[in-house]
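Read-outs: derived from the displayed coordinates by stated rules, not from any lab. Bear in mind that the values here come from a model prediction, so they are computed numbers and not experimental data. Backbone-built Cβ (ideal geometry, glycine too); neighbour counts: all protein chains shown.
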Amino acid sequence: MIVCMIDRPPYVLLVAAAMSLACVACAQPVPPYQNNYTPFEPKGLAAVLRWKIDAAREGLPPAPKRPIPSVAPDLDFVRANARASAAMQPAVTWIGHATTLLQLGGLNIVTDPAFSARASPFGFIGPKRAAPPGIALADLPHVDAVIVSHNHYDHLDEPSVLALNAQVGGPPLFLVPLGLKAWLAERGVVNAVELGW
């Protein structure tokens, strides 16, 4: 885990979030995403299995050559900062891969929640974490919002989403890309806004 203090709020994130919420508030239609450069070619299960078998045969990905360094989280700081409300010191705590805890403007925001042992729909198969999360899910302060960039298993982990939705004090607001609000609703997560990024 790395705690990075920021001298000023990350204005880019705040402006992007405000603009996205403004589009929702004024009911402007959000155009669907379209890749203008490469046509999408879906792959079947056989192609995915062939890819994984070939990777295993070639020893990919290689195992780390030495243990991954880690730093014990400063949970006292994170919790005190969360309690500071408007006096909160802007901070970013890296939890792992794309998962971060942003503390700014009195809010605790988690990006791309993935706290499970594997990036997979199953707990017994799929890519395994090389290191535990920098902060355990149970050690997070009350999370006000969750920002999800996309729906890959290493960015949107169902058990993590359900745990955050069931947190003491009420669920966070989930800010998700087009198509994910229905996925959340199927799992009982209703406090969500779908945005076109």
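Points to keep in mind about this one:
- From largest to smallest, the equivalent ellipsoid semi-axes obtained for the range 60-109 from the alpha-carbon gyration tensor read 30, 12, 6 Å.
- Among 61-69, 44-52, the peptide with the highest mean count of other Cβ atoms within 10 Å heads the list, and the full ranking is 44-52, 61-69.
- Between Ala117 and Ser85, the modelled label-to-label distance comes to 4.1 nm, taking each label 7 Å out from Cα in the direction of the beta carbon.
- More than 18 angstrom apart: percent of Cα pairs within the range 58-197: 57
- Modelled FRET efficiency - R0 22 Å, Ile68 with Ala136, Cβ distances, 0.05 increments: 0.85
- Positive end of the dipole of the range 50-197 (Cβ unit charges, origin at the Cα centre): among Pro172, Val161, Ala55, the Cα lying farthest that way belongs to Ala55.
- The residue among Pro113, His142, Phe124 whose Cα reaches farthest toward the positive pole of the charge dipole of the range 84-197, with charges on the beta-carbon of Lys, Arg, Asp and Glu, is Phe124.
- Placing unit charges on the Cβ atoms only, positive for Lys and Arg and negative for Asp and Glu, gives the range 63-197 a dipole magnitude near 360 debye about its Cα centre.
- Per-peptide average of other Cβ atoms within 10 Å, ordering 96-102, 134-140 highest first: 96-102, 134-140
- Length added when fully stretched, Arg50-Ser149, from 0.36 nm per residue minus Cα-Cα: 32.9 nm
- Here the range 120-197 is described by how far its Cα atoms reach on the three principal axes: 32, 27, 21 Å, from widest to narrowest.
- Residues of type aspartates and glutamates that Lys128 reaches as a straight line, Cα spacing below 20 Å, ignoring anything fewer than 8 places off in the same chain: Asp54, Glu58, Asp112, Asp154, Asp157, Glu158
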